[in-house]
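The values are calculated or read from the model by the stated rules, or taken from the named source; none is laboratory data. The shown structure was predicted, so the numbers you read here are calculated from the model rather than taken from an experiment. Cβ atoms come from the backbone with ideal geometry, glycine included; neighbour counts cover every protein chain shown. Ligands, DNA and RNA are excluded from the accessible area calculation, which covers all protein heavy atoms including side chains. Shrake-Rupley method; radii C 1.70, N 1.55, O 1.52, S 1.80 Å.
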There are 2 protein chains.
Amino acid sequence: MSKEFVKEITAQSEDFSQWYLDVILKAGLVDYSPVKGCMVIKPYGYAIWEQIQNILGQMIKDTGHDNMYFPLFIPESLLQKEVEHVEGFAPEVAWVTQGGQNELGERLAIRPTSETIVCAMLADWIQSHRDLPVLLNQWANVVRWEKSTRPFLRTTEFLWQEGHTAHANYREAEDEALLMLDTYTDFVQRYLAIPVIKGQKSEKEKFAGALQTYSIEALMKDGKALQAGTSHNLGQHFAKVFNIQYSNAQGVLEYVWQTSWGVSTRLIGGLIMAHGDDRGLKLPPEIAPIQVIIVPILANNSKEVLQTANNLAQQLQQAGIRVQLDDRDQYRPGWKFNEWEMKGVPLRIEIGPKDLEKNQLVLVRRDTGNKTVAQLTTASSQVQELLIKIQTNIYRQAQEFVTSHTFIAKNITELKQILDNQTGYVQAMWCENQECELQVKEQTRATIRNIPFNQQPVSESCICCGKPTRTMVYFARAY
Amino acid sequence: MSKEFVKEITAQSEDFSQWYLDVILKAGLVDYSPVKGCMVIKPYGYAIWEQIQNILGQMIKDTGHDNMYFPLFIPESLLQKEVEHVEGFAPEVAWVTQGGQNELGERLAIRPTSETIVCAMLADWIQSHRDLPVLLNQWANVVRWEKSTRPFLRTTEFLWQEGHTAHANYREAEDEALLMLDTYTDFVQRYLAIPVIKGQKSEKEKFAGALQTYSIEALMKDGKALQAGTSHNLGQHFAKVFNIQYSNAQGVLEYVWQTSWGVSTRLIGGLIMAHGDDRGLKLPPEIAPIQVIIVPILANNSKEVLQTANNLAQQLQQAGIRVQLDDRDQYRPGWKFNEWEMKGVPLRIEIGPKDLEKNQLVLVRRDTGNKTVAQLTTASSQVQELLIKIQTNIYRQAQEFVTSHTFIAKNITELKQILDNQTGYVQAMWCENQECELQVKEQTRATIRNIPFNQQPVSESCICCGKPTRTMVYFARAY
């Protein structure tokens, strides 16, 4: 697929949206498909998703959850059982009406999310308090019929994991919802190197059918926010509608308390926009499918250079480093440098005839552009150290961006000014009245990202109505 | 989910079909769902699928294939491009006709398989001989609207992997198709411990749109055959319809040669029916999600027994063994023995107060029922050795079953007699005329499973028409 030649990509400052599309296509992450709103995830993009699945998947198992698989289809009658839920999702459901040559008696929704089908099964599986908690997870595709789409960020079909749990009481469900929010936080910060704001969604923004929704929010380099993961305490809403009851230790029937939580391929969009620059992707080593690319500089003694590069690749691989050797002969080294920078590979190794003489190699960091000379014999330990430094530095860079793009507004005028000049998070006070939330949105296109757990009041009165309040929220324009 | 209590399951000899359903439900592999023809794969069943994904997935990567993801939907016009293909699949396609509130302009098929959408993309990606070969794979769900379904064996939605490749010439495509058939063979025999017959499908039974279809066939304990995996040389059929061309080294445009190949959750059905017995599942250690179950026999000195059992579990886990300790106090040991036998765990460890005194434990094999006493100090090496023996023995048992259930027929009367008395594979000669194939099917309900690569003529003339032929085939009634 050599068609992906490296050429200029649009500068972020010129048109961030176009930069994003340029990068994802040219780095070979996705391609458009003949199906409206659906993307093809290409090998390099899918390799990132597999990294996410491997690492987060293990974290989900380590917290006691079992993977399983529920059907793609949800009968219309099932989807309609929970009123808020169906109102939230009905507008974006894809419907199967024909199977083979026959018109179906009842339409089947393609799952936009699986709460209803999960609940239908839980009602059958749960009888006694001994059956609780039920801790389930599935990795699956879901479909939401979106009007305007953008690869990874909002597509008609996307890939995700969705956790579904049932508990004996409110406290346990709440603890679970918060545990999974913490798990997401840990994963996104530690592996994707993206700092997040943990908090609670407003009533208006919460999941259709939930008691409370918690989210982690991330800041992209254009100053817009991205909801990176959500965790819902569903309360007993679904349990009552689907009649999911258990007999407690005293033999009395009670409804279960439930949670659900998910992250999706959207995280890949976040990864691109939180770290990328005008040279392309910038992947943190912990998640990068290729951590190190070796580019041999071939001249007279090509054979020896290639041999050394090959040995080095093996040496690094044995040290557990994800390394690749680019020995294609139809491209010049400079072209390769650009291509691998575009693809965001954290570390590049150059080896040429002169390096060979000195038994050395050159290491070039993607995050800083810094070059270091290393000895061949100690290469793998130096590479490992550098990868750790790069991971830390990419997180630090992202954190600095958040800090320098977090503002305070005391009234709507200030909020508008900030958003018109420098975008980012805006901390402001809110009276918790939905009327004010809607007014701010209408006037500024900014929404409440969440009510952060880490509350630091920035004034005494609501940004909109001026009523006294102690609740600080993050406003931002968002994806 | 303690509802899965162990009780009698139907004997295989009494009603094999009912035995199968009893086992899959009671062992907690699947459950029926509110969606007709769709199953819920429960954690224990899904864990087997994850084992398959991990092992086979790595084998597919090791043979140079990249994972990626194509859309779930295929526009009707795309599906209809290849004539044979659409005729083969149209009768069993589920159609999306509504998205959100709107009627769609063009119906969308839910992929029954992905050749058409893959080809649409390949036409864009492939330009030069340098782009070849393209070696892709995806793990995905597919939908085929089946009239009668059975969990794992034939369901409306199922999970699978589908490989798709493009090559410069016939030879490379043919080599690829055979390489993947060999990969499947290796996987199924080595890990699932199921002996298979490798061969070519007849024209009638080949994949819709393929040049040649190769298959591996397995024999179930009721004497019926199961197609366990297929690999297709697609020739240039799709390339010509989708216009997938590359310029060769001389700059001349040529159509590519393609393959596709897949295995599905059907393998789990095969695993159950190839090895299971009247006590339930019998899982080969290499694929078993739980290889060893420790059941403590609690009496006076429960605490010490539990402590020892816990230490042992840790010790085995550190040795890389998939072990679980069943310390539930609401069930008696005898009940647990039955349950874990039902679930097919290859090895059970019993530790009681008397064993503690002697610093020993009891090992019980699922495949033979044999008991051995082992010393606590050397437990993990003994367990490892036993697991290898069990794997070998389960394969041997299955191979013996195949040998004792493979018959020879020289004419239809003989074939009928065999199938009416003792079912299994029947080796017979065939003139390669479809007329004869159809007649045999009509008269005996047996189909040609494949034309085995390992040809051993059993007579000189076609089982049906009596014409001279040198082609031996395997007939069987099949799932």
- Query: If you take the Cα Rg of the range B:313-376 and divide it by 2.2 N^0.38 Å, with N the number of residues, what do you get?
  - Reply: 1.12
- Item | For the range B:406-476, the spread of Cα positions along each principal axis, largest first, Å | 27, 24, 17
- Over the whole of B:59-70, what's the average partner chain Cβ count within 10 Å per residue? Rounded to a whole number, please. 4
- Could you pull out the pairs from A:201/A:224; B:201/B:282; A:354/A:389; B:26/B:221; B:224/B:416; B:26/B:336 whose alpha carbons sit more than 23 Å apart here? B:201/B:282; A:354/A:389
- Task: Measure nothing but the geometry: give the 0 to 90° angle between the long axis through the Cα atoms of A:412-421 and the longest principal axis through the Cα atoms of chain A, rounded to 10°.
- Result: 20 degrees
- Item | Cβ-vector label at 7 Å, residue B:63, separations to other copies in nm | 3.8
- Rounded to the nearest 10 Å², the 1.4 Å probe accessible area of residue B:119 is 0 Å²
- Task: At q = 0.09 Å⁻¹, what is the base-10 log of I(q)/I(0) for chain B according to the Debye formula with one equal point scatterer per Cα and no solvent? Please give it to two decimals.
- Result: -0.70
- Which whole-number value in Å³ per residue fits the convex hull of the alpha carbons of the range A:156-217? 120 Å³
- Task: Determine the sum of side-chain charges near residue B:18: Lys and Arg each +1, Asp and Glu each -1, restricted to other residues whose C-beta is under 13 angstrom from that of residue B:18.
- Result: -4
- Task: Give me the percent of DSSP beta bridges within the range B:406-476 that run antiparallel, rounded to the nearest 5.
- Result: 75 percent
- Could you work out the longest stretch of chain A that avoids the trypsin sites (Lys or Arg not before Pro) located in DSSP loops with at most 13 other Cβ atoms within 10 Å? A:8-146
- Name the lysines eligible as straight-distance cross-link partners of residue A:410: C-alpha to C-alpha under 17 Å, and not fewer than 8 places from it in the same chain. A:441, A:467
- Farthest positive-ward along the range B:304-451 dipole, Cα basis, beta-carbon charges - from B:353, B:363, B:395: B:353
- Between copies, how far apart are the residue A:458 label points? List them in nm, one decimal, shortest first, with each point 7 Å from Cα toward Cβ, please? 8.2
- Restrict the search to the range A:5-72; then list the chymotrypsin sites (Phe, Trp or Tyr not before Pro) that DSSP places in a loop and that have at most 13 other Cβ atoms within 10 Å of their Cβ. A:5
- Tilt of helix B:170-190 relative to the longest C-alpha principal axis of chain B, in degrees (0 to 90, nearest 10)? 20 degrees
- If all Cα-Cα distances of the range A:297-446 are sorted into 10 Å bins from 0 onward, what percent lands in each bin, rounded to whole numbers? 9, 29, 21, 11, 13, 12, 5, 0
- Surface/4 estimate of mean projected area, convex hull on alpha-carbon atoms of the range A:120-172, nm²: 5.3 nm²
- Short version: ³J(HN,Hα) in whole Hz for each residue of the range A:290-295, in order, from phi by Karplus 6.51 cos²θ - 1.76 cosθ + 1.60 (θ = phi - 60°), x for Gly and Pro, what are they? 10, 8, 9, 10, 9, 10
- Probe 1.4 Å, protein heavy atoms only - accessible area per residue of the range A:16-275 in square angstrom: 30 Å²
- Qualifying GluC sites (Glu not before Pro) in the range A:1-105, DSSP loop, other Cβ atoms within 10 Å at most 12: A:8, A:14
- Roughly speaking, what is the centre-to-centre gap between the range A:246-315 and the range B:449-473 when only Cα atoms are used, to the nearest Å? 53 Å
- Item | the range B:157-302: proportion of alpha-carbon pairs further apart than 22 angstrom, % | 51 percent
- Send over the per residue convex hull volume for the range A:16-275, Cα only, as a whole number of Å³. 133 Å³
- Query: Taking N as the number of residues in the range A:193-269, what is its Cα Rg relative to 2.2 N^0.38 Å?
  - Reply: 1.44
- Message: Within 15 Å, Cβ to Cβ, of residue B:117, how many net charges do the neighbouring residues add up to if Lys/Arg are +1 and Asp/Glu are -1?
- Response: -3
- Task: Please name whichever of B:195, B:450, B:422 sits farthest to the positive end of the charge dipole of chain B, dipole taken about the Cα centre and charges placed at Cβ: Lys and Arg +1, Asp and Glu -1.
- Result: B:422
- Message: How big is the protein assembly as shown along each principal axis, measuring the range of its Cα positions in Å and listing the largest first?
- Response: 93, 83, 64
- Task: Run through the other copies and list how far each one's label point is from that of residue B:331, in nm with one decimal, shortest first; the point sits 7 Å from Cα along Cα-Cβ.
- Result: 5.6
- Item | Average beta carbon contacts from partner chains per residue of B:145-157, 10 Å cutoff | 2
- Message: Interface size between chain B and chain A, please: total buried accessible area, 1.4 Å probe, rounded to the nearest 100 Å².
- Response: 5100 Å²
- What's the carbon and sulfur percent of the protein assembly as shown's accessible surface, probe 1.4 angstrom, rounded to a whole number? 46 percent
- Message: Net charge within 13 Å of residue A:472 by Cβ-Cβ distance, Lys/Arg positive one each and Asp/Glu negative one each, not counting residue A:472 itself?
- Response: +1
